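Enquirer: One structure coming up, written as structure tokens, with questions to follow.
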Amino acid sequence: MIGTYAAVIAVCGASLAIGQAAIAACGQRKWSWLGAPVGLALVCAVCWATVRMPGDGVVSAIVVALLAVGSVAFLWGRLEGGAEALRVGWPVALAALVAASLPFAVEGHFGILGTSFNPDMSQHLLAAARLAEGQSSPLLHQGYPLGPHSVVVALNKGLGIGLVQGFSGLSVAVMVLAPLTALAAFRELPALPRAAGALVVGLAYLVASYFAQGAFKETIEALFVLAFALALRETTRPGWRELPLRFVPAALIAVGTIYVYSFPGVLWLAGTFALWALATVALDRPAARTARRPAVLALLVFLVLVVPEVGRMIDFHNFETFDPNGPGLGNLFGQVSPLEALGIWPSGDFRLAPGDGAVPAIGYYLGAAFAIVLLVYGLARCWRRREVAILAGLSTCALAYAAARAGGTAYTAAKAIEIAAPLTALTIALPLATESRFLSAGRRPKGTANRGATESRFETDATRPKGTTRWGEGGWQGAALALFVAAAGLCSLLAFANAPVGPSSYSTALSEFRKVVGEGPTLVLASPTLLRDEQGSPFISWELRGGRVCIAADGELDAPPAGVRYVVTRGGRGEAPFPGLRVAEVASPYVLWEVIDPAPGKTPCPLIGERQARQGEPR
């Protein structure tokens, strides 16, 4: 627990400080909630740039610590609105932290997230362990983006946080930073709709579901896509649109995307920018002309910072994920419904079809129908208010899903839906929140553009026409927002609570035995606690995939099953668990025993095939 939450604090603290300093260096002295994703992007890039230096992660930890301390010193006395940001942000951060902690509270222990949903984490842990030891790994050779892994290695070397706790802490930190980022869209609102809107956007159902299966790359990518759209939105606001470097924060987010998701991740951002630019040219040509030079400067910043990764991106192009005949369903049961992006899907497992869980199918479709109505209204209101950046981001996500569905696999299409979920929730929640009666104590949007193509005009008490109330005319919008937040929030909490938590420790040794045992058959003896309480069976099966594997608790069997050639135990050499065994290899904390005379007969051990156990490699 201590290691996990120490990692959360370290990642969140460094991201907020470094990101805010970067934005201040661009000329914006006021607090910006975009500092969270900008900082996380820079942390991932810096750690990957330094993790292979002498010390295997020590330099990364030192550089990030120096950057964080230097950022605080740089901001001291220069930053405006820091105290107000703390007052606004801490309730949202605390609520997000509590929600993301539900898996550990329900399971009663900390460990590897999503083990029985998706055992890919063992390969991520192996890659991180190799980085921490200065060694190579299959993912490194294949050009796989290892920015998050290098952050975990820096936590390990700098703070002594275990790799399992580091990945869990990074995953939880993303869940905290995402709602804080969404505050950039809701900051004009009073406390209740502001917090509710930020949480329902940052912790959208599919984001919570991917967190539940330990898919940290997808949750980071969803955060970056949301943040990029909001960064473009900010460039048209007073205090931003005059800055020559106003597009640089968006460029830094794009840099982080390269180091987290490689070149596929930046396609969402490129599409968003292209659609936003086209709309801006059509709606406000003078603003488009003044944006040319700042956009070129930001592009140069992006290119300079990603040039070192070009070779690895080329290597990653041949990764199995991009083969339409490769990963197939992955860990899915079929195509994931795009309706899940709407946020109301009352199932703890997003892979299930409507009606396969405790809630009848009609409950899914009623919730989806309600959300569709709100989405249509949100699209219309966003267009009227010229929320071009949000609409460009959502349109790009829709195109990405259509492309994945037509030319990709169910697995890649599901990821496209997950990445679209926060922007979908934002399109629904933002118009409702700004037009609802919750605004009786604040300001009300009029729905017309003011000075820029994407800037909404707000009316204060002093300028409100006589004869209108402070509550405005948004009665039903407040009720609709409350119902949407309640329904979508409960679905997200259900996904969090249903997340399995696996072993709290990890060793690469079990995976290393694959080249010795081959197809086996192999019997693995594990502690009852690991198997019963820590979701250990899927983890062990994945580690020894490619062969026939039996798994049993210590003391459960009197002899190896028929046909078993190898037995794996945990601990020192000690006594053999059965007669007729000899030590074949020792790789702490495991011992591999060879069965001298295997019992005749057909083995009961199932084949854990490459594709059966998640198609070979993590995506």
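The values are calculated or read from the model by the stated rules, or taken from the named source; none is laboratory data. Just so it is clear, the structure is predicted and the values come from calculations on it, not from any experiment. Here the Cβ positions follow ideal geometry from the backbone for every residue, glycine too, while neighbour counts run over all protein chains shown.
Enquirer: Out of (1) surrounded by fewer than 20 Cβ atoms within 10 Å (Cβ to Cβ); (2) part of a loop (DSSP other than H, G, I, E, B), what's the single condition that is false for residue 529?
Expert: (2)
Enquirer: Give all pairs with beta carbons closer than 8 Å in which a residue from region 537-549 that is among the aromatic types (Phe, Trp, Tyr) meets a residue that is part of a helix (DSSP H, G or I); count only pairs at least 6 apart in sequence or on separate chains.
Expert: The qualifying pairs are 539/122; 542/122.
Enquirer: Right, something else. On the given criteria, is residue 108 at positive phi, assigned by TED's automatic domain parsing to the domain that holds residue 169, out of contact with any Cys (no Cβ under 6 Å at 6 or more places or on another chain) and touching a residue at least 60 places away in the same chain (Cβ under 8 Å)? Explain how you work it out, then say what you get.
Expert: Values: at positive phi: yes; assigned by TED's automatic domain parsing to the domain that holds residue 169: yes; out of contact with any Cys (no Cβ under 6 Å at 6 or more places or on another chain): yes; touching a residue at least 60 places away in the same chain (Cβ under 8 Å): yes.
Here the answer is yes, as residue 108 does meet what is asked.
Enquirer: So which residues in region 70-104 are in a helix (DSSP H, G or I), of a type outside the set (D, E, K, R) and farther than 21 Å from residue 200 by Cβ? Please lay out each step first, then the result.
Expert: First, pick out the residues of region 70-104 that are in a helix (DSSP H, G or I): 70-75, 82-100, 102-104.
Still in the running and of a type outside the set (D, E, K, R): 70-75, 82-83, 85-86, 88-100, 102-104.
Residues satisfying the conditions are 70, 71, 72, 73, 74, 75, 82, 83, 86, 104.
Enquirer: In this structure, is residue 251 aliphatic (A, V, I, L, M), modelled with pLDDT of 90 or more and within 30 Å of residue 215 (Cα to Cα)?
Expert: On the way: aliphatic (A, V, I, L, M): yes; modelled with pLDDT of 90 or more: yes; within 30 Å of residue 215 (Cα to Cα): yes.
For residue 251, the condition - aliphatic (A, V, I, L, M), modelled with pLDDT of 90 or more and within 30 Å of residue 215 (Cα to Cα) - is met.
Enquirer: Take the residues of region 1-20 that are surrounded by fewer than 24 Cβ atoms within 10 Å (Cβ to Cβ) and either small (Gly, Ala, Ser) or touching a Pro at 6+ places or on another chain (Cβ under 8 Å) (or both): which is farthest from residue 71 (Cα to Cα)?
Expert: 3
Enquirer: Since residue 68 meets every condition but one in (1) surrounded by fewer than 19 Cβ atoms within 10 Å (Cβ to Cβ); (2) out of contact with any Lys or Arg (no Cβ under 9 Å at 6 or more places or on another chain); (3) over 20 Å from residue 217 (Cα atoms), which condition does it not meet?
Expert: Unmet for residue 68, out of (1) surrounded by fewer than 19 Cβ atoms within 10 Å (Cβ to Cβ); (2) out of contact with any Lys or Arg (no Cβ under 9 Å at 6 or more places or on another chain); (3) over 20 Å from residue 217 (Cα atoms): (1).
Enquirer: Scanning for something hydrophobic (A, V, I, L, M, F, W, C), assigned by TED's automatic domain parsing to the domain that holds residue 219, assigned to a helix (DSSP H, G or I) and modelled with pLDDT under 95, does region 440-451 turn up at least one residue? Reasoning before the result, please.
Expert: Looking only at region 440-451, we keep the residues that are hydrophobic (A, V, I, L, M, F, W, C), and these are 441, 449.
Adding the requirement that they be assigned by TED's automatic domain parsing to the domain that holds residue 219 leaves 441, 449.
Going one step further and asking which of them are assigned to a helix (DSSP H, G or I), we end up with 441.
Narrowing further to those that are modelled with pLDDT under 95: 441.
Within region 440-451, one or more residues are hydrophobic (A, V, I, L, M, F, W, C), assigned by TED's automatic domain parsing to the domain that holds residue 219, assigned to a helix (DSSP H, G or I) and modelled with pLDDT under 95.
Enquirer: Working only within region 72-87, note down all residues that are closer than 21 Å to residue 239 by Cα and not aliphatic (A, V, I, L, M).
Expert: Result: 74, 76, 77, 78, 80, 81, 82, 84.
Enquirer: Can you name the residue in region 132-165 that is surrounded by fewer than 24 Cβ atoms within 10 Å (Cβ to Cβ) and polar (S, T, N, Q) and is also nearest to residue 59 (Cα to Cα) among such residues?
Expert: Out of the qualifying residues, it is 135.
Enquirer: Separate question: Inspect region 486-500 for any residue being in a helix (DSSP H, G or I), within 30 Å of residue 100 (Cβ to Cβ) and touching a strand residue (DSSP E or B) at 6+ places or on another chain (Cβ under 6 Å) and give the result as yes or no.
Expert: At the first step, the residues of region 486-500 found to be in a helix (DSSP H, G or I) are 486-497.
Subset that is within 30 Å of residue 100 (Cβ to Cβ): 486-497.
Now restrict to residues that are touching a strand residue (DSSP E or B) at 6+ places or on another chain (Cβ under 6 Å): none.
Checked region 486-500: no residue is in a helix (DSSP H, G or I), within 30 Å of residue 100 (Cβ to Cβ) and touching a strand residue (DSSP E or B) at 6+ places or on another chain (Cβ under 6 Å).
Enquirer: Additional query: Pairs only if they're at least six apart or on different chains, beta carbon under 8 angstrom, first in region 394-420 and on the phi > 0 side of the Ramachandran plot, second surrounded by fewer than 24 Cβ atoms within 10 Å (Cβ to Cβ) and in a helix (DSSP H, G or I); list them, first residue then second.
Expert: That search, which allows pairs on different chains as well, returns nothing.
Enquirer: Looking at region 311-323, is at least one residue assigned to a loop (DSSP other than H, G, I, E, B), at pLDDT below 85 and in contact with a helix residue (DSSP H, G or I) (Cβ under 9 Å, 6 or more places away or on another chain)? Walk me through how you get there before you give the answer.
Expert: First, the residues of region 311-323 that are assigned to a loop (DSSP other than H, G, I, E, B): 317-319, 323.
Narrowing the set further to residues that are at pLDDT below 85 leaves 317-319, 323.
Now narrow it down to the ones that are in contact with a helix residue (DSSP H, G or I) (Cβ under 9 Å, 6 or more places away or on another chain): 317, 319.
Taking every residue of region 311-323 in turn, at least one turns out to be assigned to a loop (DSSP other than H, G, I, E, B), at pLDDT below 85 and in contact with a helix residue (DSSP H, G or I) (Cβ under 9 Å, 6 or more places away or on another chain).
Enquirer: Does residue 171 qualify as being hydroxyl-bearing (Ser, Thr, Tyr) and buried (at least 24 other Cβ atoms within 10 Å of the Cβ)? Walk me through how you get there before you give the answer.
Expert: Details: hydroxyl-bearing (Ser, Thr, Tyr): yes; buried (at least 24 other Cβ atoms within 10 Å of the Cβ): yes.
The answer is yes for residue 171.
Enquirer: Just wondering, is there one or more residues in region 187-197 that are more than 30 Å from residue 346 (Cα to Cα) and either assigned by TED's automatic domain parsing to the domain that holds residue 48 or touching a residue at least 60 places away in the same chain (Cβ under 8 Å) (or both)?
Expert: Within region 187-197, the first condition is being more than 30 Å from residue 346 (Cα to Cα), and the residues that meet it are 188.
Applying the additional criterion that residues be either assigned by TED's automatic domain parsing to the domain that holds residue 48 or touching a residue at least 60 places away in the same chain (Cβ under 8 Å) (or both) yields 188.
Yes, region 187-197 contains at least one residue that is more than 30 Å from residue 346 (Cα to Cα) and either assigned by TED's automatic domain parsing to the domain that holds residue 48 or touching a residue at least 60 places away in the same chain (Cβ under 8 Å) (or both).
Enquirer: Could you tell me whether region 508-520 includes any residue that is surrounded by fewer than 17 Cβ atoms within 10 Å (Cβ to Cβ), under 18 Å from residue 115 (Cα atoms) and touching a residue at least 40 places away in the same chain (Cβ under 8 Å)?
Expert: Residues of region 508-520 that are surrounded by fewer than 17 Cβ atoms within 10 Å (Cβ to Cβ), as a first pass: 512, 514-516, 518-519.
From what is left, the residues that are under 18 Å from residue 115 (Cα atoms) are none.
The answer is no; no qualifying residue exists.
Enquirer: Suppose the filter is out of contact with any Asp or Glu (no Cβ under 7 Å at 6 or more places or on another chain), under 30 Å from residue 198 (Cβ atoms), surrounded by fewer than 22 Cβ atoms within 10 Å (Cβ to Cβ) and in contact (Cβ under 8 Å) with a residue 60 or more places away in the chain; does residue 481 pass it?
Expert: Answer is no for this residue.
Enquirer: Which of the residues spanning region 98-112 are touching a strand residue (DSSP E or B) at 6+ places or on another chain (Cβ under 8 Å) and either crowded, with 20+ Cβ neighbours inside 10 Å or under 15 Å from residue 8 (Cα atoms) (or both)?
Expert: Hits for region 98-112 are 103, 104, 110, 111, 112.
Enquirer: In this structure, does residue 289 turn out to be within 21 Å of residue 243 (Cα to Cα), in a helix (DSSP H, G or I) and touching a residue at least 24 places away in the same chain (Cβ under 8 Å)?
Expert: On the way: within 21 Å of residue 243 (Cα to Cα): yes; in a helix (DSSP H, G or I): yes; touching a residue at least 24 places away in the same chain (Cβ under 8 Å): no.
Spelling it out, it is not the case that residue 289 is within 21 Å of residue 243 (Cα to Cα), in a helix (DSSP H, G or I) and touching a residue at least 24 places away in the same chain (Cβ under 8 Å).
Enquirer: Further question on the same structure: Which members of region 231-247 meet the condition of being in a helix (DSSP H, G or I) and either without any contact (Cβ under 8 Å) to a residue 12 or more places away in the chain or under 30 Å from residue 128 (Cβ atoms) (or both)? Walk me through it before giving the result.
Expert: Within region 231-247, the first condition is being in a helix (DSSP H, G or I), and the residues that meet it are 231-234.
Answer for region 231-247, where residues must be in a helix (DSSP H, G or I) and either without any contact (Cβ under 8 Å) to a residue 12 or more places away in the chain or under 30 Å from residue 128 (Cβ atoms) (or both): just 231.
Enquirer: Looking at region 501-513 only, could you name the residues that are assigned to a loop (DSSP other than H, G, I, E, B) and not small (Gly, Ala, Ser)?
Expert: Taking region 501-513 first, the residues assigned to a loop (DSSP other than H, G, I, E, B) are 502-508, 513.
Once the filter is applied, which keeps residues that are assigned to a loop (DSSP other than H, G, I, E, B) and not small (Gly, Ala, Ser), region 501-513 yields 503, 506, 508, 513.
Enquirer: Also, quick follow-up: If I filter region 105-123 down to residues being assigned to a loop (DSSP other than H, G, I, E, B) and among the small types (Gly, Ala, Ser), which single residue comes out as farthest from residue 543 (Cα to Cα)?
Expert: To start, the set of residues in region 105-123 that are assigned to a loop (DSSP other than H, G, I, E, B) comprises 108-112, 114-120.
Next cut, among the small types (Gly, Ala, Ser) only: 108, 111, 114, 116.
Details: 108: 24, 111: 16, 114: 15, 116: 13 Å.
Taking the candidates together, the pick is 108.
Enquirer: Right, something else. Regarding region 352-361, can at least one residue be identified that is modelled with pLDDT under 95, under 22 Å from the mean Cα position of the chain (by Cα), assigned to a loop (DSSP other than H, G, I, E, B) and within 21 Å of residue 499 (Cα to Cα)? Working first, answer last.
Expert: Let us first name the residues in region 352-361 that are modelled with pLDDT under 95, namely 352-361.
Adding the requirement that they be under 22 Å from the mean Cα position of the chain (by Cα) leaves 352.
Checking the rest, the ones that are also assigned to a loop (DSSP other than H, G, I, E, B) come to 352.
Keeping just the survivors that are within 21 Å of residue 499 (Cα to Cα) gives 352.
The answer is yes, given that some residue of region 352-361 is modelled with pLDDT under 95, under 22 Å from the mean Cα position of the chain (by Cα), assigned to a loop (DSSP other than H, G, I, E, B) and within 21 Å of residue 499 (Cα to Cα).
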